[in-house]
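Participant: Please read through the structure below; I'll follow up with questions.
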Amino acid sequence: MLAPNFLVLELVKQGFVGLRCEDESAFQKFASELSQRRADDYERFEQYEQSSVQSYFQYYAKLSNQQNMLQDSVRTSTYNRAIVENPDDFAGKIGLDLGAGSGILSFFAVQAGAEKVYAVEASSMGEVIRLLADANPFLTKKIEVVNRPVETITSEVEGKVDVIVSEPIGTFLFNERMIESYLCARDRFLKPGGKMYPNAGTLCIAPFSDSMLHWEQQNKNGFWKNTNFYGIDLTAAVQRCTKEHFKQPIVDYINPDCLVAPSVDTRFDFTKITVESLHSIEIPFDFEIAQPCLVHGIAGWFDAHFEGTNQTVTLSTAPRCPGTHWYQIRFLLEVPLAVNAGQHVEGTLKMEANNLQSYYMRIDARIKGTNISASAPCIDLKDPEYRFYTSSNSYCPPGTNQAVPPSQLQQYQQAHFAQSQNILPGQAVAATVWTPEASQWAQPMQPGPVWPGAGSDGGGSHHVSD
């Protein structure tokens with residue numbers, strides 16, 4: 001049966017439901033477990049579409065996906081430092097690892113001196129945790145695998161724990177909504193004054209200017225510009241196609257030179273915030289633009305904080321830091337804002353939780369002191385384009401290899417060029433295609449002209465702790 005392990009009974013008419021047990025002991029076990037289960041935890045878990053939950057657990061049950069995370073050296077080494085270098089928070093303590101995956105954080109906790117760690121993993125990857133723990137004698141008796149969602153745990157975890165470790169972080173910090181499960185584990189199992197690793201996260205946003213990226217998205221509607229596709233005019237779908245592409249967040253590495261103002265940073269204290277507070281998130285911003293430019297959208301990244309008794313460690317995914325498997329993220333404005341140096345772009349970024357374990361987002365921006373505005377009204381955080389794998393124009397930080405060979409991407413880009421020119425498959429054409437050598441992403445932004453018509457008038461900080 002798919003997790004969570006309970007039955008949902010839908011009554012089509014008024015009546016009674018009978019439940020037959022094999023014997024008295026089975027009934028007593030059922031009644032005891034039922035009495036311990038919290039309705040509000042089930043309600044939180046049941047709000048998700050079951051197809052989303054199923055695909056989520058299937059994804060994390062694959063060793064290839066676990067390997068991808070383990071081989072993120074920034075992620076894994078930072079967690080290792082945070083845990084192992086804080087022995088006062090782990091030595092002789094009872095820990096809980098939420099969403100344990102392959103068990104690596106549980107193993108780090110034992111290395112830091114933990115007496116026992118509950119490795120909570122709802123997918124079949126729990127079998128791998130047990131396999132690895134039994135293969136390493138110093139782990140065998142100290143790791144207890146709990147193979148179910150934290151929301152459905154009853155008697156598997158005895159009493160309260162001293163410390164909770166987890167990697168509940170998704171794209172733009174909150175995608176997958178696992179931080180809510182992290183808070184659920186805190187409320188149910190953490191002792192008063194217990195430690196959380198991480199104990200806080202900071203969401204960072206900043207405006208960017210990237211004409212290449214905007215051009216790419218604007219021209220992905222080329223196929224639908226065909227006026228004679230087997231005798232059919234497809235152009236009526238052009239506008240819808242454009243909106244679909246601008247609805248997608250762009251996940252890749254960001255050239256720091258594309259950022260045109262200091263970031264606005266919002267801190268979320270995981271020891272204090274509530275599950276309900278994450279259902280609707282609103283972040284106001286006021287950016288002072290550093291140079292004349294077109295603002296094409298808002299870029300985002302996050303930091304995770306481990307403020308331990310012995311050491312404070314930070315995991316940063318910022319553009320100027322070493323790359324991680326989270327990359328960074330960008331939200332495009334379909335119509336960019338032309339802004340002069342010293343002007344302010346103000347507005348709000350709103351996030352509304354949905355039942356797909358993610359968020360729908362909206363950005364409203366305006367040039368302060370004018371009636372000039374732009375928006376991204378419907379962004380689907382769960383449906384990004386991983387541009388690092390789809391475009392040879394994607395920026396590569398120093399020491400990072402291009403994900404896809406440019407030769408393969410040239411064919412993809414030439415096809416898009418052909419579509420935009422209404423060229424039928426197989427028709428010969430002399431065309432110029434974008435290549436990394438022709439791309440301008442690697443060049444620092446130069447001061448541009450002063451934009452006429454923009455009214456005249458840094459970064460900020462917004463703290464969330466409750």
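The values are calculated or read from the model by the stated rules, or taken from the named source; none is laboratory data. Note that this is a predicted model, so its numbers are computed, not measured. Note that each Cβ is placed from the backbone with ideal geometry, even for glycine, and that neighbours are counted across all protein chains shown.
Participant: Inspect all residues belonging to segment 3-25 and state whether any of them is surrounded by 15 or more Cβ atoms within 10 Å (Cβ to Cβ), modelled with pLDDT under 75, not in a helix (DSSP H, G or I) and not assigned by TED's automatic domain parsing to the domain that holds ALA122. Walk me through it before giving the result.
Facilitator: Filtering segment 3-25 down to residues surrounded by 15 or more Cβ atoms within 10 Å (Cβ to Cβ) leaves 3-4.
Those left that are additionally modelled with pLDDT under 75: 3-4.
Subset that is not in a helix (DSSP H, G or I): 3-4.
Still in the list and also not assigned by TED's automatic domain parsing to the domain that holds ALA122: 3-4.
Scanning segment 3-25 turns up at least one residue that is surrounded by 15 or more Cβ atoms within 10 Å (Cβ to Cβ), modelled with pLDDT under 75, not in a helix (DSSP H, G or I) and not assigned by TED's automatic domain parsing to the domain that holds ALA122.
Participant: Here's another thing I want to ask about it. In the set LYS243, LYS272, which member is within 23 Å of CYS378 (Cα to Cα) and basic (Lys, Arg)? I'd like the intermediate steps shown before the answer.
Facilitator: Numbers: LYS272 fails: within 23 Å of CYS378 (Cα to Cα).
Just a single option satisfies the conditions, and that option is LYS243.
Conditions tested, residue by residue: (1) assigned by TED's automatic domain parsing to the domain that holds ALA261; (2) at pLDDT 95 or above; (3) out of contact with any helix residue (DSSP H, G or I) (no Cβ under 9 Å at 6 or more places or on another chain).
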{"position": "LEU337", "(1), (2), (3)": "yes, yes, yes"}
{"position": "ALA341", "(1), (2), (3)": "yes, yes, yes"}
{"position": "MET361", "(1), (2), (3)": "yes, yes, yes"}
{"position": "ASP364", "(1), (2), (3)": "yes, yes, yes"}
{"position": "LYS382", "(1), (2), (3)": "yes, no, no"}
{"position": "SER394", "(1), (2), (3)": "yes, no, no"}
{"position": "PRO398", "(1), (2), (3)": "yes, no, yes"}
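So that you can scan it fast, the table gives a plain yes or no per residue for (1) touching a strand residue (DSSP E or B) at 6+ places or on another chain (Cβ under 8 Å); (2) not hydrophobic (A, V, I, L, M, F, W, C):
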{"residue": "THR242", "(1), (2)": "yes, yes"}
{"residue": "PRO256", "(1), (2)": "no, yes"}
{"residue": "ALA290", "(1), (2)": "no, no"}
{"residue": "HIS305", "(1), (2)": "yes, yes"}
{"residue": "THR317", "(1), (2)": "yes, yes"}
{"residue": "GLN328", "(1), (2)": "yes, yes"}
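Participant: Identify, by number, the condition in (1) of a type outside the set (Ser, Thr, Tyr); (2) modelled with pLDDT of 95 or more; (3) assigned to a loop (DSSP other than H, G, I, E, B) that VAL345 doesn't meet.
Facilitator: It fails just one condition, (3).
Participant: Against the condition among the acidic types (Asp, Glu) and part of a helix (DSSP H, G or I), how does ASP257 come out, does it pass?
Facilitator: Numbers: among the acidic types (Asp, Glu): yes; part of a helix (DSSP H, G or I): yes.
Against the criterion (among the acidic types (Asp, Glu) and part of a helix (DSSP H, G or I)), ASP257 qualifies.
Participant: Does GLU288 count as of a type in the set (D, E, K, R), out of contact with any helix residue (DSSP H, G or I) (no Cβ under 9 Å at 6 or more places or on another chain) and closer than 29 Å to VAL275 by Cα? Steps first, answer last, please.
Facilitator: Numbers: of a type in the set (D, E, K, R): yes; out of contact with any helix residue (DSSP H, G or I) (no Cβ under 9 Å at 6 or more places or on another chain): yes; closer than 29 Å to VAL275 by Cα: no.
No.
Participant: Further question: Six or more apart or on different chains, Cβ atoms under 8 Å: show the pairs whose first residue is in segment 140-151 and in the same structural domain as GLY101 (by TED's automatic domain parsing) and whose second is among the β-branched types (Val, Ile, Thr) and assigned to a loop (DSSP other than H, G, I, E, B).
Facilitator: So the pair list comes out as VAL146/ILE153; VAL146/VAL157.
Participant: Residues of segment 268-298 being out of contact with any Cys (no Cβ under 7 Å at 6 or more places or on another chain), crowded, with 18+ Cβ neighbours inside 10 Å and more than 22 Å from LEU337 (Cβ to Cβ), which ones?
Facilitator: PHE268, PHE270, ILE273, LEU278, ILE281
Participant: Which members of segment 56-87 meet the condition of being closer than 22 Å to ALA185 by Cα, among the small types (Gly, Ala, Ser) and surrounded by fewer than 19 Cβ atoms within 10 Å (Cβ to Cβ)?
Facilitator: ALA61
Residue by residue, here is whether (1) assigned to a strand (DSSP E or B); (2) modelled with pLDDT of 95 or more holds:
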{"position": "GLN291", "(1), (2)": "no, yes"}
{"position": "GLY297", "(1), (2)": "yes, yes"}
{"position": "ALA318", "(1), (2)": "no, yes"}
{"position": "GLU334", "(1), (2)": "yes, no"}
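Participant: I'm trying to understand the selection: among the residues of segment 45-87, which are more than 17 Å from SER102 (Cα to Cα) and not in a helix (DSSP H, G or I)?
Facilitator: Answer for segment 45-87, where residues must be more than 17 Å from SER102 (Cα to Cα) and not in a helix (DSSP H, G or I): GLN47, TYR48, GLU49, GLU85, ASN86.
Participant: Within segment 306-317, work out how many residues are more than 13 Å from ARG75 (Cα to Cα) and surrounded by 19 or more Cβ atoms within 10 Å (Cβ to Cβ).
Facilitator: Pass one, segment 306-317, residues more than 13 Å from ARG75 (Cα to Cα): 307-312.
Okay, now just the ones that are also surrounded by 19 or more Cβ atoms within 10 Å (Cβ to Cβ), so 308.
So the answer is 1.
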